[in-house]
Every structure is written in C-alpha cells, then in structure tokens.
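Structure first, commentary second.
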Amino acid sequence: MRCGIVSMVAGFALVLLMGSVDSSAAEHQYIGAAKCKTCHKKELMGNQYGEWEKGKHAEAFEVLKSDDAAKIAKEKGLSAPAYESDECLKCHMTGHGLPATAFKKKPLKAKDGIQCESCHGPGSDYKKKKTMSDRDKSIAAGMWEPGKDEKICQKCHNDESPTWDVAKGFDYEERKKEIAHPIPEDVKGNYIAMEKKLKAEKGESGDDDEEEE
Ligand code: HEC
Ligand code: HEC
Ligand code: HEC
Ligand code: HEC
C-alpha cells in the first residue's frame, strides 16, 4: 500500500516535470467557482456567478441538512447524516469522490454545492480570457457544452435521485430555461474588445491580467 502511494506520487511528479506535452495525460482539473467569478461576476459579462449563487445548485449541499433530507436518510437506513453520506454527496456537490489530482489546488468544498464545473467541465485549461473567447479552443481545453448535451444534467437528474418525480421526469429544454444565465446578446463574442473600450473610457490602463494565472 505504502509502496503504491509512493510510486503514485513519483508518477505524478514526473507528469509535472514533463509539463503539459500531452494535456490528456494530465486531465483537466477543477478550480472552483471562485475562479470563474473573477470574470463572470462582471456586469458587462452578465454576472453568471450572481445568477448561479441565487439558484438551487449553489444550495445543493445546504439542502442535505434539511428535515426532508434527514427523513430520506433515515428511510434509506444510512449510517451517517445525509450531508456526510457518499450516497447523497455524489449528486449534491462538485467533484465528490474524485482523487486529489483531479483538482488544481484543493478538493472543492461540499458547502459550495454544485458549482460551474459540474456543468461546464473542469476549468484549469480553458479559464484564460483568450481561450474562453474562442469556443473551439475552449472545448479543446476541456470545456463541455451543457446547452447542447443533456447527458450532463442527467448524471444527477435521474431516477437514482430519492426525490425523482417519475411523472415529471426531466424536461431538458424547460429546465435549462429555469437556470438561464446568458452573456448579453450585444456582448457575446465581443467581451474582450468591449471591456477594453470601457476601460479606456474610464481612463483605466491596460488589461487587468491579474485574473489570469
Ligand atoms: C442521482 C443523483 C442524486 C442522488 C444520489 C441524490 N440526490 Fe437529492 N436531488 C437530486 C436532484 C437532481 C434534485 C433536484 C430535484 C429536481 O428539482 O428535479 C435533488 C433534490 C433533493 C432534495 C430537495 C428536494 C426538493 O423537493 O426540493 C433533497 C432534500 C434531497 N435531494 C436529498 C437527498 C438525499 C438525502 C440523498 C441521499 C440519500 C440524495 N438526495 C441523493 C439528485 C440526487
Ligand atoms: C446546472 C448546470 C450549470 C451550472 C451549475 C452553471 N451553468 Fe453555465 N450554463 C449552463 C447551461 C445549460 C448553459 C447554456 C444555456 C443554453 O444554451 O441555453 C450555460 C451557459 C453559460 C454561459 C454562456 C452563456 C451564453 O450566453 O452563451 C456562461 C458564460 C456560463 N454558463 C457560465 C457559468 C458560470 C461562471 C457558472 C458558475 C458560477 C455556471 N455557468 C454554472 C449550465 C450551468
Ligand atoms: C452534479 C449534479 C447535478 C447536475 C450535473 C445538474 N443538476 Fe440540476 N440539480 C441538482 C440538485 C441536487 C438540485 C436540487 C438542489 C436543491 O434543491 O437545493 C438541482 C436542481 C435543479 C433545478 C431546480 C432548481 C432551480 O434552480 O430552479 C433545475 C431547473 C435544474 N437543476 C436544472 C439542471 C440542468 C438544466 C442541468 C444540466 C445543464 C442540471 N440541472 C445539472 C443536481 C444537478
Ligand atoms: C480570465 C477571465 C475568465 C475566467 C477566469 C473564466 N472565464 Fe469564462 N469567459 C471569459 C470570456 C472573456 C468569455 C467570452 C465572452 C464573449 O466574448 O462572448 C467567456 C466565455 C465563457 C463561456 C461561454 C463559452 C461559449 O463559447 O459559449 C462559458 C460557458 C464560460 N465562460 C464558463 C466559465 C467557467 C465555468 C469558468 C470557471 C471554470 C470560467 N468561464 C472562467 C472569461 C473568463
């Protein structure tokens, strides 16, 4: 066992040393919504972070502390509270059960619930402005397309969920509208140029690349 861990660590160090020659060798990593926030909380962008924060996905961990959740956990005979059980956490937070190497820094916190990357894919490699402004490049760098692929939602919205409503099922087109957080139409595809213009007008200089690592 100890030997296994040592060789795993050694293997990982080797991958780090070799850099990202093959990005598929080192999978794209989760960075957490706080990183997306630096750009996606801006008014010009449409404040997707704020929309997400108001919605239920951000609350998905909190809901596991509710009376309803306790009741479900009891009925299922779980040995721990819902908010500590793998059986519940796996659909109520981002990145539950993944190895440490799946995260850029630390594993994501349960309390932050279901974050951007559960739907948009792990963001370590697509989060730069220039990459993000080019859809093909973003997809090549690991971005998913939840607006086109309902399987992303169905990983959680399915009959394995104890609160699944068989009659209602999951209406992808309708449910997407309920969580909409669009980039304003006149900004879409033009964000970098518009941001520059706005800053020039305000007399601010340069590109604030403190957002990029
Ligand atoms: C397969 C994924 C999945 C698993 C596993 C899962 N949930 Fe959920 N849970 C969901 C989804 C999806 C919803 C949202 C329901 C909706 O609006 O369609 C939800 C909603 C809930 C709600 C809120 C219900 C409401 O009406 O607002 C509670 C409470 C809950 N889950 C408790 C639990 C507990 C307790 C467990 C563990 C025993 C658990 N869930 C396991 C996917 C899951
Ligand atoms: C539960 C899944 C889910 C979560 C969580 C989520 N999104 Fe989205 N997001 C979507 C879907 C679905 C679309 C596409 C909507 C469409 O095409 O109809 C989308 C679209 C977007 C768009 C593009 C909008 C446009 O006009 O093209 C941005 C930007 C975005 N999301 C950012 C974020 C950020 C940042 C977060 C976290 C703060 C986040 N999303 C959290 C599902 C999600
Ligand atoms: C990682 C699991 C997971 C994924 C992926 C996921 N959901 Fe959810 N979703 C949940 C859970 C859990 C809840 C309930 C949270 C609560 O009640 O606090 C929920 C709630 C919702 C709600 C009702 C709450 C609201 O904000 O109005 C909608 C609508 C919804 N999801 C749509 C989607 C769509 C569309 C997608 C795919 C683009 C998606 N979800 C992807 C787990 C998930
Ligand atoms: C350094 C700034 C920055 C960060 C950090 C960032 N984004 Fe973006 N994002 C952008 C820009 C710029 C665009 C392109 C806006 C435009 O011009 O349409 C964009 C576009 C998007 C789109 C739309 C892609 C498309 O082509 O439809 C999604 C989805 C998205 N971001 C999600 C995320 C998520 C999720 C994270 C965190 C994991 C994140 N972004 C982090 C700047 C950023």
(request) Report the local net charge at Leu98: Lys and Arg +1, Asp and Glu -1, summed over other residues whose C-beta lies under 15 Å from its C-beta. (result) +2
(request) Determine, from the Cβ-Cβ distance of Asp149 and Asp67 and an R0 of 35 Å, the FRET efficiency 1/(1 + (r/R0)^6), rounded to the nearest 0.05. (result) 0.50
(request) Lys and Arg at +1, Asp and Glu at -1: add these up for the other residues within a Cβ distance under 13 Å of Arg175 and post the number. (result) -2
(message) If you build the convex hull over the alpha carbons only and average its shadow over all orientations, what do you get for the stretch 30-211? Give it in nm² to one decimal.
(response) 11.9 nm²
(request) With only Lys, Arg, Asp and Glu charged, each at its Cβ (+1 for the first two, -1 for the last two), find how big the charge dipole of the stretch 114-213 is about the Cα centre; round to the nearest 20 debye. (result) 220 debye
(request) Taking the Cα centre of the stretch 30-211 as origin, work out the dipole magnitude from +1 charges on Lys and Arg Cβ and -1 charges on Asp and Glu Cβ, in debye rounded to 20. (result) 480 debye
(message) Going through the cross-link list Lys129/Lys199; Lys42/Lys168; Lys35/Lys90; Lys35/Lys137; Lys176/Lys197, which pairs have a Cα-Cα distance over 26 Å in this structure?
(response) Lys42/Lys168; Lys176/Lys197
(message) Amide H of Tyr30 versus every other amide H placed in the peptide plane: which residues, excluding those fewer than 5 positions away on the same chain, fall under 5 Å?
(response) Phe103, Lys104
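A short reminder: the numbers here are calculations on the coordinates, not readings from a lab. Treat the numbers as computed from the prediction; the structure is a model and nothing was measured. Neighbour counts are summed over all protein chains in view; Cβ atoms, including those assigned to glycine, are modelled from backbone coordinates with ideal geometry.
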